[in-house]
Amino acid sequence: MSRRPTLAARIGLVTTAVAAVAVLIAGIVSYGLVRRAADAEAQRALARQADVVAEAPEITTGRTFKVPVPARVATLLRRQGIAIAWTNPRGAVQGDRLARQAAAAAPGGFSASRQSFRTGIGGETVLVEIRPLVSGGALFLAQPRSQATGLAGQVLRRTVLALLVGLAVAAVAGVVLARRLARPLQRAAAAAHDLADGRRGVRLSTDGPAEVAEVAESLNRLAGALEYSEGRQREFLLSISHELRTPLTAVKGFAESLADGVTTGADVAPVGATVLAEATRLERLVADLLDLARLGAQDFRIDVTDVDLASLVADAGRVWAARCRAEGVLFATEVPPGPVRVQTDPTRVRQIIDGLAENALRVTPAGRPILLAVRAEGSDAVVEVRDGGPGLTADDLAVAFDRSALYERYRGVRRVGTGVGLALVHGLSTRLHGRATAGHAAEGGACFAVRLPRALHPSPGAANTGE
């Protein structure tokens, strides 16, 4: 597996590349600006030199020289790389070759008019200035641009040096910044590995930029959620272990009494009935656990068909009426005279009803009522189980369908189940595209309702319907 470049390396590379591009652009722009400014300044400087020479007292007074420019002036100009030429009143050109070539290239020829221009001579740009003389001739000054703009080269070299220093500083700053940004992310990655290895006490500092702090906060919340979830799972396993141990102990004890011959004769039948009841309890508990575990699986089977909920609730009512009579609990059903047609899975709906009825019967004392009802409300059908038991507080209603929440609150206070029944009801209702709610019943206890859509419209990714 090839090693991927680190975030710090990428940020350092990007910042260096951006700085290099910025330096390149600044260099190009600076070069153009300096060159143009240097050319303009060189032309102005040559123009000033020409004005000074043309207006020198020796020349403007009309004194006669072998040449119109005094030797000392010509020497000073040539030391600066400036070539000199002149014309006499008859138009003859004398002086330095470069200046004579420049004079020949003048727009007006060997004109005595004031001119300032550039021309190309021998593949090089030459700056030219022409000034009329009082003697009737003209003065020509010519200077190669490379000599006139020598200062510009120094400025450009210094500018390039400054830009390179800036590039180096930007690269170093980019690397330092990249490491500072990558360091908390590396700590976050290490914390994630610790979480994956099962260590839940991992916490990160939330200092630094907002995005980095948000990552740290998210990991801290994840660690807390995992710690809480695993704590709940441990509590759930402990409670399930307790619930499994009780019937298993009874089954084992009575089975041993039968195997050892302690129980004989007429006592065998009651012992067998007890073993059967405890085994049935175990079977129901295991089935609930399996269904609860399968709810999140894609292969959880939902067989949708057209169901009359009124008939289904009536059938369930006859079964639960007999069970309630055996416990001394009053039972009634509220079923409309006509059918309540729903597209759903009748087996799962009956599983929901039995779970809610089992929960109600467990907490309802003798002489108090349990009511099973069904009705149509617009596009939904509602199945309710109301009881006359101790009821639920507002805090209880908020967590009624959380696995083992009510079990942990009321264990040892009132009769409780395994802690999975209501969670299973909520999960089944959701898989049937419905919604389970908890509230207060007019009978004085709790009211659990399941609202199901009468016409099923499966959403993408819904469970297998089996059809």
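The values are calculated or read from the model by the stated rules, or taken from the named source; none is laboratory data. What you see is a predicted model; the values in this text were computed from it and never measured. A quick note on method: Cβ atoms are made from the backbone with ideal geometry, for glycine too, and the neighbour counts reach across all protein chains shown. Only protein heavy atoms, including side chains, enter the accessible area calculation; ligands, DNA and RNA are left aside. Shrake-Rupley method; radii C 1.70, N 1.55, O 1.52, S 1.80 Å.
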Regression test value, accessible area per residue of region 357-403, probe 1.4 Å, units Å², expected 38 Å²
Length gained, A104-S379, 0.36 nm per residue minus C-alpha separation, equals 88.7 nm
A 1.4 Å probe over the protein heavy atoms gives region 157-231 a carbon and sulfur accessible-area percentage of 61 percent
With label points set 7 Å from each Cα along the Cα-to-Cβ direction at A455 and A225, the distance between them in nm comes to 3.7 nm
So for R0 = 35 Å, FRET eff. of L13-T125 from the Cβ-Cβ r, to 0.05, ends up at 0.25
The extension gain from L330 to R35, computed as 0.36 nm times the residue separation minus the Cα-Cα distance, is 95.7 nm
Taking r as the C-beta separation of D207 and L248 and R0 as 41 Å, the FRET efficiency to the nearest 0.05 is 0.15
Expressed in nanometres to one decimal, the distance between label points 7 Å along Cα→Cβ at A92 and L164 is 5.5 nm
